[in-house]
Amino acid sequence: MTMTLFDQFLSPTLFKMPLIAIALVSPWLLHHVVTTRFSSERLLSVKKVSVSALTKHIFQPLGPLGHKWALMFVSLFMFLITLNVLGLLPYTFTPTTQLSLTFSLALPLWLATVLIGFRLDPTRALAHMLPQGTPPLLIPVLIIIETISVMIRPLALAVRLMANLTAGHLLIHLISTGVFLLTSMMPMTAILALALLGLLTLLEIAVAVIQAYVFVLLLSLYLLENV
Amino acid sequence: MADRPVPVAEKRLMEVKLGELGTWLGGRDYSPNGIVSMFRRAHTRYYNKYIGVKKGGIGGIAMLLAGYVVISYVWSYDHLKHDRWRKHH
């Protein structure tokens with residue numbers, strides 16, 4: 001059976017049962033929040049502080065109508081960041097590398113922001129298609145361009161998340177294979193490549209966190225335009 | 001102090017005697033709600049013992065993550081066994 005580098009991204013199955021369901025449930029294992037205590041322990045306090053800081057940061061520009069989305073966005077952020085960071089552990093499967101997951105998250109949320117915009121104030125929603133101060137000659141072209149840019153947002157959101165994670169995982173695989181094979185032939189080069197691998201792992205952790213944040217931030221910006 | 005007689009199916013696993021194991025397994029609630037509550041109880045007990053303590057260290061979560069890594073390895077073994085050293089790939 002030929003092995004390709006992309007086999008790591010196949011959706012895992014066990015006796016034809018999709019394991020992606022279990023990989024998707026794994027964030028739930030790590031975020032236990034049912035507590036009746038007044039002052040919580042260390043882990044929960046850290047989580048509370050960071051979640052409230054994130055919520056304030058994202059929802060400060062949005063008005064009261066946008067605050068209804070707080071639960072949705074914060075839970076989406078926690079979900080994505082946990083999935084991304086868990087995927088960096090050895091042998092684990094990252095569901096966000098599947099376009100099916102990212103697109104099914106991006107499309108409904110983006111569509112919801114657009115529809116809310118059209119429902120609340122159709123004139124203003126349509127006015128987004130034409131930035132202020134454009135020369136009259138450029139108006140037809142710009143309307144088409146702006147419409148395309150709005151239409152392509154869900155695809156961009158989904159592919160951005162998927163491609164960043166996939167590329168990172170692939171690079172880790174490639175460089176680690178290189179280090180493994182080089183240790184017998186050229187040890188010094190292997191040590192350099194190992195240092196590169198260490199830096200790359202740090203980058204991957206950063207990317208995992210940042211991509212989750214960017215996803216949610218862009219959605220909140222689309223909501224800000226439309227709410 | 002004499003213990004009140006408790007039905008076998010409701011005892012905790014550590015208190016079930018070996019001969020009663022079959023009765024215990026047969027009497028558990030295997031409906032979807034029951035299975036979900038089984039997982040929830042187990043998770044709550046694990047959390048309260050290892051993670052939700054005042055000075056919890058990294059051990060509580062580290063055990064969960066290590067278990068997750070081991071389970072992922074077991075599940076992907078079929079796929080991984082082709083990665084072994086061989087002369088012609």
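For region A:177-195, the count of residues that are in a helix (DSSP H, G or I), out of contact with any Ser or Thr (no Cβ under 8 Å at 6 or more places or on another chain), buried (at least 16 other Cβ atoms within 10 Å of the Cβ) and of a type in the set (Val, Ile, Thr) is nonzero.
Of all residues assigned to region B:18-36, none qualifies as being under 29 Å from A:Leu43 (Cα atoms), of a type in the set (Ser, Thr, Tyr) and modelled with pLDDT of 80 or more. Condition check: of a type outside the set (D, E, K, R) and either in contact (Cβ under 8 Å) with a residue 60 or more places away in the chain or more than 13 Å from chain A (Cβ to nearest Cβ) (or both). Does B:Met63 satisfy that? Spelling it out, it is not the case that B:Met63 is of a type outside the set (D, E, K, R) and either in contact (Cβ under 8 Å) with a residue 60 or more places away in the chain or more than 13 Å from chain A (Cβ to nearest Cβ) (or both).
Going by the structure shown, is A:Arg119 more than 25 Å from A:Leu105 (Cα to Cα), free of Cβ contacts under 8 Å to residues at least 12 places away in the same chain and of a type in the set (D, E, K, R)?
Working: more than 25 Å from A:Leu105 (Cα to Cα): no; free of Cβ contacts under 8 Å to residues at least 12 places away in the same chain: yes; of a type in the set (D, E, K, R): yes.
The answer is no for A:Arg119.
The set of residues in region A:53-65 being under 15 Å from A:Val216 (Cα atoms) and loosely packed, with under 12 Cβ neighbours inside 10 Å consists of A:Ala53, A:Lys56, A:Gln60, A:Pro61. When restricted to residues that are surrounded by fewer than 13 Cβ atoms within 10 Å (Cβ to Cβ) and over 21 Å from A:Leu62 (Cα atoms), region A:105-133 contains 2.
Inside region A:46-100, residues that are touching a residue at least 12 places away in the same chain (Cβ under 8 Å) and either within 14 Å of chain B (Cβ to nearest Cβ) or not in a loop (DSSP other than H, G, I, E, B) (or both) make up a count of 32.
The values are calculated or read from the model by the stated rules, or taken from the named source; none is laboratory data. No experiment lies behind these values; they were computed from the predicted model shown. Note that we place each Cβ from the backbone using ideal geometry, even for glycine, and neighbour counts take in every protein chain shown.
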